[in-house]
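The values are calculated or read from the model by the stated rules, or taken from the named source; none is laboratory data. Here the structure is a predicted model, which means the values were calculated and not measured. Every residue, glycine as well, gets a Cβ built from its backbone with ideal geometry; the counts of neighbours run over all protein chains shown. Quick note on the areas: whole protein, heavy atoms, side chains included, nothing else; ligands and nucleic acids left out. Shrake-Rupley method; radii C 1.70, N 1.55, O 1.52, S 1.80 Å.
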Amino acid sequence: MMVTHKKFITETIQFITVFMMLAALYAIFFYAPVEKTMGIVQKIFYIHVPSAFLAFFAFLITFVTSIIYLYKKDYKWDVIAACSAEIGVVFCTIVLITGPIWAKPVWNVWWTWDPRLTTTLILWFTYIAYFMLRGAVRENQRANLSAVFGIIGFVNVPITFLAIRLWRTIHPVVITTKGLNMVPPMKHTLILTFIAFLFLFLTLLLCRTRLENIRIDTEKMRALAEDRFDQE
Amino acid sequence: MDFVQKLWAIVWKDLTSELRSKEMILSMCLFSFLVLIIFSFAFEMGFGDSKKIIPGILWVSFIFSGLMGVGRSFGLERDRGTIQGLFLCPMSPWGIYLGKMIGTFVFTMIMVIFTVSISTILFNLNVLPFLVPLGLIIFLGTLGFSTVGTIFSAISATTRTRDVMLSILFFPVSVPMIIASVKATGTVLDGKPIQAIFSWLNILAAFDLVFLLLAYLTFGFIIEE
C-alpha cells in the first residue's frame, strides 16, 4: 500500500515536471520578448538564474539534512544529503557554464572576479570536495564526516561572500539587479522556469534517492549472499 | 580548572614530542623558506613594483608550509597508533580538539615568525613600524588557519590519500581567511593606519569564531567510529 502510494506521488511529480519544462521552454522561446540591447543571448538568463537558485537550494537541503542526520543518526538523511549535493553540483556546473557563455557577448569577458561569480566557484569546489571526501573515507565514518563537511561548507558561504565583496569594492559593479525592471512577459517566464526547475529538482531528488537506496539494498543482499556462499 | 589542566596535558604532550624530534617545525620552516626562494625567482623580486605581491607570497608560504604541519597533527597520531589513547582521554571532544588546535597554533606561529624574519632580509622589508597591526593580522589569520586545519586534519587522517584530501577540503573553506589576511597585510605594509584594516580584522575574527563554534558542535561526530 505504502509503496504504491509513494509510486503514485513520484509519477505525478514526474508528469508535472515534464509538462512544466515544456511550458517553460515554450515561454522562453516564444512568449518572452527578445531583449533590446543583449539580443537573443539574453534567453540564457532563464536557464542561468533558476539553475543558480536551484544549486543553492540543493546545498541548503544538504546542510539541513546533514544536521538532521547528526541529530537522529538515521542513514536515510545521509542519503538525501548526498543526493541533493550531487544535484546541486550539476546545477552549479550549469551556472558556471551558462554564465561565461552569457558574459562573453555582454561584458566582453568570459569571467570577472565579481563576488557572486567567485562565491559560486568556491561553492562548486566545496561540494566537489564533499564528494571526494565521501569517496575516500571508510564506510563506517562516511555519513558522520560528510555531514560535518556539509555543514561547514554551507556555513562558510556567507563569510566567503562578505570577504569577496570587500575584496572587490574598488571595482565597478558589473551585475546590476535586473530582477525588478523587467517587462511582464519576461517576469512571467522567469517565474514559470523557477517553478519548472523546482519540480525538476524534486523529480531528480526522488529518483536519485530511490536509486541510492536500491544500491545500498543490493550491496546488503550481495554481502548476505556471499556469506551464505562462504558457509557452504 | 580541571579542564585547563587536561587541556594543558594534551598541549604539553604535543610540545614535548615535537621538542624531542623537532621534525615538524624544522620541515615547516625549511619548506616555507624554499617557497619564498622559489617566489623570488618566479616574480623577480627586488625589481620594480614587487612590494605589491609580498603579502600574497607571505600568506601562500604560510598556508603551504602550515598545511604540511597541520596534516601531521592527527596523521602522526594515526601512524603511531596513539589516536585511540587520545580519544579515550577523560575529557570532552571539544577539549581534545582545543588541545590539538593550540599545539598546531604554536607550531604554525613559530613557522610564521621565522618566515616573516627571513622575508625581511630577502625582500628588504621593514616590518618594525607595523609590528602591532601585522601581529594582530598574523595572530587572527593563524588562529583561523589552525582552527579549520585541525578539523580537517582529523577528518583527512581517516582517509587513504591524507595530504591531498586535506588540501582539497581546506582550500575552498579557507578562502575568506586568505583574502582577508592578504588584503589586510597589503594595506598595513602600504603604511596605512590601523583603522583601514578593521573591516578585514572583523572578517578574520568572525571566521575564527564561526569555526571554533562549528568545531565545538561537531568535533564529537568526527572522532566517533
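So if I check each of A:Pro105, A:Pro100, which one is under 20 Å from the mean Cα position of the chain (by Cα) and assigned to a helix (DSSP H, G or I)?
A:Pro100
Okay, residues lined up against (1) assigned to a helix (DSSP H, G or I); (2) within 11 Å of another protein chain (Cβ to nearest Cβ); (3) modelled with pLDDT under 95:
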{"residue": "B:Ser153", "(1), (2), (3)": "yes, no, yes"}
{"residue": "B:Thr158", "(1), (2), (3)": "no, yes, yes"}
{"residue": "B:Ser174", "(1), (2), (3)": "yes, yes, yes"}
{"residue": "B:Met177", "(1), (2), (3)": "yes, yes, yes"}
{"residue": "B:Lys183", "(1), (2), (3)": "yes, yes, yes"}
{"residue": "B:Thr187", "(1), (2), (3)": "yes, no, yes"}
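Output yes when any residue across region B:22-33 is out of contact with any helix residue (DSSP H, G or I) (no Cβ under 9 Å at 6 or more places or on another chain), without any contact (Cβ under 8 Å) to a residue 40 or more places away in the chain and not polar (S, T, N, Q), and no when none is.
yes
Looking only at region B:109-160, how many residues end up being within 19 Å of the chain's Cα centre (by Cα), open to solvent by less than 30 Å² (accessible area, probe 1.4 Å) and more than 23 Å from B:Thr187 (Cα to Cα)?
12
Which condition from (1) assigned to a helix (DSSP H, G or I); (2) without any contact (Cβ under 8 Å) to a residue 24 or more places away in the chain; (3) more than 9 Å from chain A (Cβ to nearest Cβ) is the one that B:Leu217 breaks?
The one condition B:Leu217 does not meet is (3).
Assigned to a helix (DSSP H, G or I) and farther than 19 Å from B:Thr218 by Cα: which single residue out of A:Ile122, A:Ile151 fits that description?
A:Ile122
Which condition from (1) within 12 Å of another protein chain (Cβ to nearest Cβ); (2) among the charged types (D, E, K, R); (3) touching a residue at least 12 places away in the same chain (Cβ under 8 Å) is the one that A:Arg116 breaks?
A:Arg116 satisfies all of (1) within 12 Å of another protein chain (Cβ to nearest Cβ); (2) among the charged types (D, E, K, R); (3) touching a residue at least 12 places away in the same chain (Cβ under 8 Å) except (1).
Tell me the residue from A:Phe125, A:Phe91 that is modelled with pLDDT of 85 or more, open to solvent by 60 Å² or more (accessible area, probe 1.4 Å) and within 17 Å of the chain's Cα centre (by Cα), please.
A:Phe125
Given the conditions (1) in contact with a helix residue (DSSP H, G or I) (Cβ under 7 Å, 6 or more places away or on another chain); (2) among the β-branched types (Val, Ile, Thr); (3) within 22 Å of A:Leu145 (Cβ to Cβ); (4) at the interface with another protein chain (Cβ under 10 Å from one of its Cβ atoms), which single one is not true for B:Ile203?
Every listed condition holds for B:Ile203 apart from (3).
Take B:Leu98 and tell me if it is within 14 Å of another protein chain (Cβ to nearest Cβ), outside any loop (DSSP other than H, G, I, E, B) and buried (at least 21 other Cβ atoms within 10 Å of the Cβ).
For B:Leu98, the condition - within 14 Å of another protein chain (Cβ to nearest Cβ), outside any loop (DSSP other than H, G, I, E, B) and buried (at least 21 other Cβ atoms within 10 Å of the Cβ) - is not met.
Since B:Ile168 meets every condition but one in (1) at pLDDT below 90; (2) open to solvent by 30 Å² or more (accessible area, probe 1.4 Å), which condition does it not meet?
Going through the list (1) at pLDDT below 90; (2) open to solvent by 30 Å² or more (accessible area, probe 1.4 Å), B:Ile168 breaks only (1).
Which condition from (1) of a type in the set (Val, Ile, Thr); (2) open to solvent by 30 Å² or more (accessible area, probe 1.4 Å); (3) under 25 Å from A:Val183 (Cβ atoms) is the one that A:Thr98 breaks?
(2)
Tally up the residues in region A:36-52 that are without any contact (Cβ under 8 Å) to a residue 24 or more places away in the chain and open to solvent by 40 Å² or more (accessible area, probe 1.4 Å), please.
3
I'd like the residue in region B:189-200 that is assigned to a helix (DSSP H, G or I) and without any contact (Cβ under 8 Å) to a residue 12 or more places away in the chain and, out of all such residues, is farthest from the other protein chains (Cβ to nearest Cβ).
Within region B:189-200, the match that is farthest from the other protein chains (Cβ to nearest Cβ) is B:Gln195.
Let's see how each residue does on (1) farther than 30 Å from B:Tyr97 by Cβ; (2) within 18 Å of the chain's Cα centre (by Cα); (3) surrounded by 15 or more Cβ atoms within 10 Å (Cβ to Cβ); (4) of a type in the set (S, T, N, Q):
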site	(1), (2), (3), (4)
B:Lys13	no, no, yes, no
B:Arg20	no, no, no, no
B:Ser27	no, yes, yes, yes
B:Leu30	no, yes, no, no
B:Leu36	yes, yes, yes, no
B:Phe43	yes, no, yes, no
B:Ile53	yes, no, yes, no
B:Trp59	no, yes, yes, no
